1. Out of G133, G162, which single residue is outside any helix (DSSP H, G or I) and either within 16 Å of ligand 1 (Cβ to nearest atom) or aromatic (F, W, Y) (or both)?
2. Does C376 count as within 16 Å of ligand 1 (Cβ to nearest atom) and either surrounded by fewer than 21 Cβ atoms within 10 Å (Cβ to Cβ) or not aromatic (F, W, Y) (or both)?
3. I need a count of the residues in segment 14-67 that are touching a Cys at 6+ places or on another chain (Cβ under 6 Å) and assigned to a loop (DSSP other than H, G, I, E, B).
4. For the subset of segment 286-304 comprising residues that are more than 16 Å from ligand 1 (Cβ to nearest atom) and farther than 16 Å from S423 by Cα, which member is most open to solvent (accessible area, probe 1.4 Å)?
5. Considering each of S153, S119, S209 in turn, give the residue that is open to solvent by 10 Å² or more (accessible area, probe 1.4 Å), among the hydroxyl-bearing types (S, T, Y) and closer than 30 Å to G90 by Cα.
6. Might you check whether a residue that is surrounded by fewer than 20 Cβ atoms within 10 Å (Cβ to Cβ) and free of Cβ contacts under 8 Å to residues at least 12 places away in the same chain occurs anywhere in segment 18-33?
7. Does segment 434-469 hold any residues that are under 23 Å from P387 (Cα atoms), in contact with a helix residue (DSSP H, G or I) (Cβ under 8 Å, 6 or more places away or on another chain) and at pLDDT 95 or above, and which are they?
Amino acid sequence: MRTFIVNGTVVNADGRADADIVVEGERIVSVVPRVGGGAQPGPDDAVIDASGCFVVPGGVDAHVHMQLDMGTMTSSDTFETGTIAAAHGGTTTIIDFAEQRLGGNVLAAFEQRMAEAESQCVVDWALHQVLGGVNEQALIDTRSLIEREGVASIKLFMAYPGRVYSNDGQILRALQMCADTGMMAMVHAENGLAIDVLIEQAIAAGNTSPEFHSRTRPPELEAEAVHRASVLARVAGNAPLYIVHLSSSHALREVTEARARGTNIFAETCPQYLHLSLEDHLGQGWPNGAAFVCSTPLRSKHEHHQADLWEGLRIDELAVVSTDHCPFCLREQKLANGELFNKVPNGIGGVEHRMDLVYQGVLAGHISLERWVEVCATAPARLFGLPTKGSLNIGNDADIVVYDPHKTHVLSAATHHMNLDHSAYEGVEVIGGVRTVLSRGEVIVDGEQFLGRKGRGRYLRREVSQHVR
Ligand code: DUC
Ligand code: ZN
Ligand code: ZN
């Protein structure tokens, strides 16, 4: 059976057109401009009328943490609930992480994560490999994951000493492996050793409330780490480097300067840094202030970070918007370890709201419609080796979103689909919204109705980034 999506405006990263899309099985088989009459469905074909709507590629969220094991607790969305929420928000591909912990085995960590995700995802999914203990064996094993499992990216931490932290020597070795193989090195760029001193001093002074999470992670220590990572990447032979959850003007400036020097560096930001600020939880105290504890932290409204991040997206100094979706329920999880900012698990839930929140930037004139599609779908697909995702081209997977620019809704824990008892975006009004979502040709969301099935999502073996070779 074929499905025709008719009467909409098809938007890709490189332009828009009044066109109809024909889907056969799991693939897009034609995109037919309506100037020539459009596509003509037969009596047996399904027809989706997209009048008044944008027809865009399904979103690719390259940074999420479903059921992330933190030792004493696990992030609250399972792969099933998190991907259902993603689907409702127009995201049809997620990339999560397999995590090697300090002293752990990379291949065992990968197998375990595969087993957790495999039977649950409702949309297509892939994994990055976290290296939490870089050593010779870990690098040998990680290198083998490209061929074995189609894993083309790693993640390293410059924060969290004693946990997943890598020192500069370890980072250099991992980056040399990336320069050699083409694997993308994602880096959490914050100077963890300095941050730990500031945390210790804040606690000793009795400054324990939630906003001290942000105050002990100043933007200078993010920028310093971005700079150091970019230098190490160059010294390693210009390894492909991707800065995750970039949150500040200071860090963005370092990315811009590194690019000007020819560094192979890319960066993502997240909806929380575009829409929320330190002032959202200043003075809120417990428990509500804990909702905004995430790393990198939210920045002050008064320092122009948000305006700079939107501008960075517009001019492609920032390539991607991912969510870093990492939800924890407020009382049972965020507060489980007591009312101390440094004991609150880091993370905000947002996988469902990314497309809507970035679309608000189109309405505000920060970025174009095409750029919205690019940063939410096309660029992450290209950067992370998913050639059949992220654009509405003939032959690509039919991951398609019918997006209604006239819909309005209010974001709230009462209505979202994430397994999360609060929302960092509670009460935020958005214009625009998802109407219909297809994943590999199957309608999985129709209005408010979820029509997909647990386990239907497919594991995606990935290629080396299109930006590498
Ligand atoms: N970094 C992430 O990427 N996600 C959750 C917490 C963190 O520090
Ligand atoms: Zn991080
Ligand atoms: Zn993350």
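The values are calculated or read from the model by the stated rules, or taken from the named source; none is laboratory data. Just so you know, these numbers come straight off a predicted model, no measurement behind them. Note that we place each Cβ from the backbone using ideal geometry, even for glycine, and neighbour counts take in every protein chain shown. Protein only, heavy atoms only, side chains kept; ligands, DNA and RNA dropped before computing areas. Shrake-Rupley method; radii C 1.70, N 1.55, O 1.52, S 1.80 Å.
1. G162
2. no
3. Restricting attention to segment 14-67, the residues satisfying the condition of being touching a Cys at 6+ places or on another chain (Cβ under 6 Å) are 59, 65.
Within this subset, residues satisfying the condition of being assigned to a loop (DSSP other than H, G, I, E, B) are 65.
So the count comes out to 1.
4. Among residues in segment 286-304 that are more than 16 Å from ligand 1 (Cβ to nearest atom) and farther than 16 Å from S423 by Cα, the one most open to solvent (accessible area, probe 1.4 Å) is H302.
5. S119
6. First pass over segment 18-33, keeping only residues surrounded by fewer than 20 Cβ atoms within 10 Å (Cβ to Cβ): 18, 24-27, 29-33.
Restricting the remaining residues to those that are free of Cβ contacts under 8 Å to residues at least 12 places away in the same chain gives none.
No, segment 18-33 contains no residue that is surrounded by fewer than 20 Cβ atoms within 10 Å (Cβ to Cβ) and free of Cβ contacts under 8 Å to residues at least 12 places away in the same chain.
7. V437, S439, I444, G455, G457, Y459, R461
Each row is one residue, and each column tells you yes or no for (1) surrounded by 20 or more Cβ atoms within 10 Å (Cβ to Cβ); (2) out of contact with any strand residue (DSSP E or B) (no Cβ under 6 Å at 6 or more places or on another chain); (3) not in a helix (DSSP H, G or I).
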position: W372; (1), (2), (3): yes, yes, no
position: P387; (1), (2), (3): no, yes, yes
position: S412; (1), (2), (3): no, yes, yes
position: Y425; (1), (2), (3): yes, yes, yes
position: I431; (1), (2), (3): no, no, yes
